[in-house]
Amino acid sequence: MTTKRTPFIAGNWKMYKTIAEARQLVSEMIPSLQGVSGVEKVLCPPFPDLLAVKAILEGTEIGLGAQNMHWESAGAFTGEVSPVMLAELCQYVILGHSERRAYFGETDETVNRKVKAAIAHGLIPIMCIGETLQENEAGTTQQVLEKQIMGGLVDVTLPEATQPGEVNFIVAYEPVWAIGTGKAATSQGANAVVSDIIRPTLAKIFGSQIAEAVRVLYGGSVKASNASEFFKQSDIDGALVGGASLKVEEFAPIVQAAAG
Ligand code: 13P
C-alpha cells in the first residue's frame, strides 16, 4: 500500500525571538512561504510570542505550534501552560524534544501524558524521539527509539484523519547528536531508521495502515543546502528545523524543497 503523505515542515524557534523580533521575522517570512503549495508549514515560537504571531498569520495557510505544554487542563502548576490555553492559540505542539528530556526531566511517561492531553484537546502532537551519540555508538538506537515510541504512546488512541491517508499525529526523529551540531545524519541513514525502526514500531501499536499514514519528520542540522536530500527519501515526510528556521533565507528554501 502506498499512502501519499503531505510534506510537513515545522520551525522550532526554541528560546529565541522577543515579541517584536517574532513579529518582524514572521512578516518577512509570509511572502516567501505563502505561495508554496503542497507542503504544510508551521512555526513554533516561544509561548510569549504565540498571540502576536497568531494575529499576523491570520488568513495565511501557515500553521502555529507551541514547544511544550503541561498535561493537566488547569490547576496549581506554577509556570506551566495547559492544553486548553494552547488550543485557543495554535494547532500543533512539539512534545518530548530532546532538550526537554535532557534539561527538564521529561520522561517517556510525561511525554505520554502530554500526547494524550494534546489529542484530547484537539492539538496535533509532534512527538520527538532520538538517540544520543553514546546510545548510537553503543548500537542501541533501535532499543532506545522503540522504548521512546512505545512509552510515549501507551493508551494513545489517534483521532480521525482530517484528510485521506493522514493522521493527526506527527513523529519527529531527531538524533540528539545531530541537533545544533551542524552534523546532520545522512539522508539514507535517517530514512533507514524511519523505515526499519520507527514505522514498524508504529505498526505494532496502531497497525500498518496508520503507521504508513503518520508523517515522520527528520530533525537535526537541517538547512537549505541539505534539506532536499532528506525529502527525496521514501519515508521522511519533512523536517523539524531549529536554527535554520530563524532565517528567512534558510527556512524558505527548505519549505520549497519539501514542496518538490
Ligand atoms: P537544529 O536544526 O538547530 O539542529 O535543531 C533541530 C531541532 O532541535 C529541532 O527541533
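List of remarks:
- Identity of the residue in region 63-89, among the aliphatic types (A, V, I, L, M) and assigned to a loop (DSSP other than H, G, I, E, B), that ends up farthest from LEU240 (Cα to Cα): ALA76
- Count of region 234-249 residues which are within 12 Å of the ligand (Cβ to nearest atom), assigned to a loop (DSSP other than H, G, I, E, B) and in contact with a strand residue (DSSP E or B) (Cβ under 9 Å, 6 or more places away or on another chain): 1
- Conditions (1) crowded, with 21+ Cβ neighbours inside 10 Å; (2) within 11 Å of the ligand (Cβ to nearest atom); (3) of a type outside the set (Ser, Thr, Tyr); (4) over 22 Å from ILE124 (Cβ atoms); number of the one not met by ASN226: (1)
- Hey, PRO253 surrounded by 15 or more Cβ atoms within 10 Å (Cβ to Cβ) and either more than 12 Å from the ligand (Cβ to nearest atom) or part of a loop (DSSP other than H, G, I, E, B) (or both) or not: yes
- Lone qualifier among ARG199, ARG215 - being more than 13 Å from the ligand (Cβ to nearest atom) and under 12 Å from the mean Cα position of the chain (by Cα): ARG215
- Positions within region 88-102 being hydrophobic (A, V, I, L, M, F, W, C), within 12 Å of the ligand (Cβ to nearest atom) and over 16 Å from TRP71 (Cα atoms), in sequence order: ALA102
- For GLY105, the stated conditions do not hold, so it cannot be described as part of a loop (DSSP other than H, G, I, E, B), within 16 Å of the ligand (Cβ to nearest atom) and under 27 Å from LEU50 (Cα atoms).
Any read-out appearing in this document is the output of simple, stated calculations on the displayed coordinates, not a laboratory observation. Source: prediction; values computed, not measured. Reconstructed Cβ throughout: ideal geometry from the backbone, glycine too, with neighbour counts over all protein chains shown.
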